[in-house]
Amino acid sequence: MLDANIKGQLKAYMEKLQQPIELVAAYDDSKKSQELKELLEELEPMSSKISLRTEESTDVRRPSFAINRIGSDVGVRFAGIPMGHEFTSLVLALLQSGGHPSKADPALLEQIRNLDGEFHFETYISLSCQNCPDVVQALNLMAVLNPNITHVMIDGALFQDEVDERQIMAVPSVYLNGQPFGQGRMTLAEIVNKVAS
């Protein structure tokens, strides 16, 4: 799935993990599930701090996987295979879930940690979308920093029934607690300010 060059770079990044993380995979019988399984099985041996298990719960999208920090409520989920423009989102989610610090503004990070309430974000993307990774990475970071925040990246091409049901016309389309939250490029600061207001 990954070429040797990318594998080498990824392995170097995975040495920066400070805390153990667990990849929790939810598969079905599709070809995409096979591809996801391959990707996750290539990621697991890159660090002794990465473990992989299969999701038992039936109420999650398939194929998908969560990146959980062991012993915490940190949870970032990818419904689909984060390749193409979203590959960087995957790498950052692995690093940040594993305790590698973000380079974002410390005051903004503190504001995220202090957000009060339950925030369940869903972002519909397409793997060819250039604005999507900024939004996915911002929301993933928020989910890593605050246990009351969850985020799922959803590849619209794999979950077409949801796209149709929600009448999504453009990506990224972000939902918060089941309601439309925003569309198009949004910075971390813009998202935080909108949530806090």
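No lab work stands behind these numbers, since they all come straight from the coordinates. Predicted, not measured: the structure shown is a model, and the values here were computed from it. Glycine also receives a Cβ, built like all others from the backbone with ideal geometry; neighbour counts cover every protein chain displayed.
Charges were assigned to the Cβ only: +1 to each Lys and Arg, -1 to each Asp and Glu. The resulting dipole of segment 51-90 about its Cα centre is roughly 60 debye.
Evaluated with a Cβ-only charge set (Lys, Arg +1; Asp, Glu -1), segment 49-155 carries a dipole of roughly 360 debye about its Cα centre, given to the nearest 20. Residues considered: MET83, MET169, MET142. Largest GNM mean-square fluctuation over the chain, using C-alpha springs under 10 Å, is found at MET169. Amide H contacts of PHE181 (H built 1.01 Å from N, in plane; Pro and chain starts excluded): VAL174, TYR175, LEU176 sit under 5 Å, all sequence-distant by 5 or more or on other chains.
Here segment 69-193 carries DSSP beta bridges of which approximately 40% are antiparallel, counting only pairs with both residues inside. Projecting the Cα positions of PHE181, MET169, ASN146 onto the charge dipole of segment 126-197 (unit charges on Cβ atoms of Lys, Arg, Asp and Glu, taken about the Cα centre) puts ASN146 furthest along the positive direction.
Mean-square fluctuations from a GNM of the chain, with a 10 angstrom spring cutoff on Cα atoms, peak among ARG166, ARG77, ARG62 at ARG166.
Rounded is the label for segment 45-162, because the ratio a/c of its alpha-carbon gyration tensor axes (a ≥ b ≥ c) stays below 1.5. Pick the calculated Cα Rg over 2.2 N^0.38 Å for this structure from (1) 1.48; (2) 1.15; (3) 0.97? Step by step, Cα Rg over 2.2 N^0.38 Å for this structure corresponds to label (3). Here the 3J(HN,Hα) profile of segment 115-131, calculated from phi with Karplus coefficients 6.51, -1.76 and 1.60 at θ = phi - 60°, is 4, 10, x, 9, 10, 10, 9, 10, 10, 8, 10, 10, 5, 9, 7, 8, 8 Hz, Gly and Pro shown as x. Counting only lysines at least 8 places from LYS37 when in the same chain, those with an alpha carbon closer than 25 Å to its own are LYS7, LYS11, LYS16, LYS49.
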